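Taking it in order: structure first as C-alpha cells, then the write-up.
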Amino acid sequence: MRTILFFDLPTLTSKNLRDYRHFVKDIQLLGFYRIQESVFVKMSTSQESANLLSKKITKILPKEGCVFSIQVTETQFSKMNIYLGEMSSEVESSDDKVIVI
C-alpha cells in the first residue's frame, strides 16, 4: 500500500515559507519521499498502518493551503506511467574557457 500526498501551500510570506519547510520536513520524518515538487509518497505494510499514517498527517497540517492524500495498492502504483520530455539547458557546453594545467 502506498500513500501519495499532493499539496499546494502558499509561499508568499516568510511565515508561509516557514510553514512549507516545516511541513515538508515533518512528512519526510514520517518516511515520505519526494517524487515531484509537491508530491510525496510513502509505502505502508498494511491498511491499518496507512490509516494510522493519515491520522499523523492530519496532526501536522499547515493552517493554510491544500493537502490531498490517496492510498493505492502496490499493483496500482507499479502501473504508473512516467513520461519524460527532453531535458534542455540554457547553459552551453563549451571548453573554450577551460584552463588545462
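The values are calculated or read from the model by the stated rules, or taken from the named source; none is laboratory data. Since the model is a prediction, treat every value here as computed from it, not as a measurement. Reconstructed Cβ throughout: ideal geometry from the backbone, glycine too, with neighbour counts over all protein chains shown. What goes into the accessible areas is simple: the full protein's heavy atoms, side chains included, and nothing from ligands, DNA or RNA. Shrake-Rupley method; radii C 1.70, N 1.55, O 1.52, S 1.80 Å.
Observations on the model:
- Rounded tilt (10° steps) of 47-59 against the dominant C-alpha axis of the chain: 80 degrees
- Apportionment of accessible area to carbon and sulfur, the chain, percent (1.4 Å): 55 percent
- Approximate spin-label separation V72-Q28, in nm, with each point projected 7 Å along Cα-to-Cβ: 2.3 nm
- Extending 7 Å from the Cα toward the beta-carbon at both S38 and N16 defines two label points whose distance is 1.0 nm.
- Panel values: the chain, Kirkwood radius from alpha carbon pairs, Stokes-Einstein at 10 °C and 1.306 mPa s, translational diffusion coefficient 98 µm²/s.
- Using the Cβ of D19 as centre and a radius below 14 Å, the other residues enclosed give a net charge of +2, where K and R count +1 and D and E count -1.
- Averaged over its residues, the chain has an accessible area of 81 Å² per residue, based on protein heavy atoms and a 1.4 Å probe.
- Residue separation of S88 and K59 scaled by 0.36 nm, minus their Cα-Cα distance, works out to 6.4 nm of gained length.
- Working note: 222 nm ellipticity from helices only, DSSP H runs with n ≥ 4, each -39,500 (n - 2.57), summed and divided by the residues of the chain, gives -10500 deg cm²/dmol to the nearest 500.
- Taking the Cα centre of the chain as origin and assigning +1 to Lys and Arg Cβ atoms and -1 to Asp and Glu Cβ atoms, the resulting dipole is close to 780 debye.
- Across the chain, C-alpha contacts under 8 Å between residues 6 or more apart give a mean separation that, scaled by the residue count, equals a relative contact order of 41 percent.
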